[in-house]
Amino acid sequence: MRHQGGLGRPLHFRELDPSGGGGGGAREAQPLLRVQDLRVSFHGEAGAVQAVDGVSFELAAGGALGIVGESGSGKSVTALSILGLTRNAPGARVSGRVELEGRELLGMPEPGLRAIRGNDVAMVFQDPLSSLHPLYRVGAQIVEAIRAHRPVPKARARARAIELLDLVGIPEPARRVDAYPHEISGGQRQRAMIAMALANEPRLLLADEPTTALDVTVQAQILALLARLRRELSMALVFVTHDLGVVAEVA
Ligand code: ADP
Ligand code: MG
């Protein structure tokens, strides 16, 4: 699929593996995610920016989709809009349809969306600062992500946080659970953010340039991790990158 992004820059979509993920069962008639003619513009004093201009794609349960485009082509705005995270921005206009298992999200009232975010659909944000709070321990943040959606006692949520840190390959998870973000490496922070996104076993993970800040060795590890998680958790993945080499790796 091909889409002409804002400012005439092309944005490319590549369906990597529509049936993937080892989910097992018969192929569902209804896609997990359907985005139809998504348009997002921002209107301000300096004029209007057409950030996303008619994007459409579908993703099956357990499948993966790569979104590739250069900086400023509307990749992040596409991913953020799926979760309703652009519609309240100043001057934002959002139109089209975003359906998660048939439920329309663009017009959904905020409480409904809050129940979906971090639960059915999780996001690894491009900006690490918007995910991990520097003043709270990593484990406490994962515990909070779990307890925001499930009435789990703290001790059980903490045990789950340790399991998740282990799942994403953080060594000595029982010790690292009490670390502050600045006490672990950039690669481990990225893993911790993925662990937090996975806390409630989302059916869909939106990963916005999750490896951009990392050196190539760590980048390869994170890509392998996402592939493994997709298989083990039957999780669908939307992978955003400006790097064709990286998307080929995911494929
Ligand atoms: P990328 O493909 O690099 O992720 P983005 O989706 O972040 O690109 O941005 C697409 C365009 O939308 C850019 O021109 C950006 O400046 C603009 N943009 C993004 N968010 C906003 C906002 N909240 N207000 C105004 N313009 C925005
Ligand atoms: Mg971006």
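What ³J(HN,Hα) values, in whole Hz, does the Karplus curve 6.51 cos²θ - 1.76 cosθ + 1.60 give for the range 239-248 when θ = phi - 60°, with x put for Gly and Pro?
10, 9, 7, 9, 10, 4, x, 5, 5, 5
Residues with amide H under 5 Å of LEU106's amide H, sequence separation 5 or more or different chain, H placed in the peptide plane at 1.01 Å from N; which?
VAL98
Between ALA92 and residues 5 or more places away or on another chain, which pairs have amide H atoms under 5 Å apart, with H built 1.01 Å from N, and which residues are they?
HIS43
Could you state the angle between the C-alpha long axis of helix 138-147 and the longest principal axis of the C-alpha atoms of the chain, as a value from 0 to 90 degrees rounded to the nearest 10?
70
Between the alpha-carbon centers of the range 69-114 and the range 130-198, tell me the distance in whole angstrom.
26
Add -39500 (n - 2.57) for each DSSP H run of 4 or more in the chain, then divide by its residues: what number comes out at 222 nm, to the nearest 500 deg cm²/dmol?
-9500 deg cm²/dmol
If you rank ARG93, ARG189 by fewest surrounding Cβ atoms within 10 Å, what's the result?
Details: ARG93 14, ARG189 21.
By the 10 Å Cβ count, ascending: ARG93, ARG189.
Indicate, rounded to the nearest 5 percent, the antiparallel portion of the DSSP beta bridges found entirely in the chain. Write out the running numbers ahead of the final one.
Details: 28 of 43 bridges.
That works out to approximately 65 percent antiparallel.
Taking the Cβ of each residue in LYS154, LYS75 as the centre, tally the other Cβ atoms inside 10 Å and list the residues starting with the fewest. Present the calculation step by step, with values, prior to reporting the outcome.
Numbers: LYS154 12, LYS75 26.
Taking fewest neighbouring Cβ atoms as first place, the list is LYS154, LYS75.
What is the angle, in °, between the Cα long axis of helix 154-167 and the longest principal axis of the Cα atoms in the chain? Nearest 10 is fine, range 0 to 90.
Rounded to the nearest ten degrees, it is 70.
Report the charge-dipole magnitude of the range 151-251 in Debye, nearest 20, computed about the Cα centre from +1 at each Lys and Arg Cβ and -1 at each Asp and Glu Cβ. Write down the numbers at each step before the final one.
Details: 12 positive and 12 negative charges, 99 e Å.
Computed charge dipole of the range 151-251: roughly 480 debye.
Place +1 on the Cβ of every Lys and Arg and -1 on the Cβ of every Asp and Glu in the chain, take the dipole about the Cα centre, and give the residue among GLN221, ALA61, PRO173 whose Cα lies farthest towards its positive end.
PRO173
Once the Cα atoms of helix 186-198 and of the chain are each reduced to a long axis, what angle between those two axes, in degrees from 0 to 90 to the nearest 10, is obtained?
80
With +1 on the Cβ of every Lys and Arg and -1 on the Cβ of every Asp and Glu, and nothing else charged, how large is the dipole of the chain about its Cα centre, in debye rounded to the nearest 20?
Working: 28 positive and 27 negative charges, 123 e Å.
Value, rounded to 20: 580 debye.
Can you list the HN-Hα couplings for the range 172-177, worked out from phi with the Karplus curve (6.51, -1.76, 1.60; θ = phi - 60°), rounded to whole Hz and with x for Gly and Pro?
6, x, 5, 8, 5, 4
Check LEU237: other-chain or 5+ apart residues with amide H under 5 Å from its amide H, H built from backbone geometry?
Sorted by chain and number, the residues that satisfy this are GLY63, ALA64, LEU65, LEU205.
Read-outs: derived from the displayed coordinates by stated rules, not from any lab. What you are looking at is a predicted structure, and each value in this text was computed from that prediction instead of being measured. Note: ideal-geometry Cβ built from the backbone for every residue, glycine included; neighbour counts use all protein chains shown.
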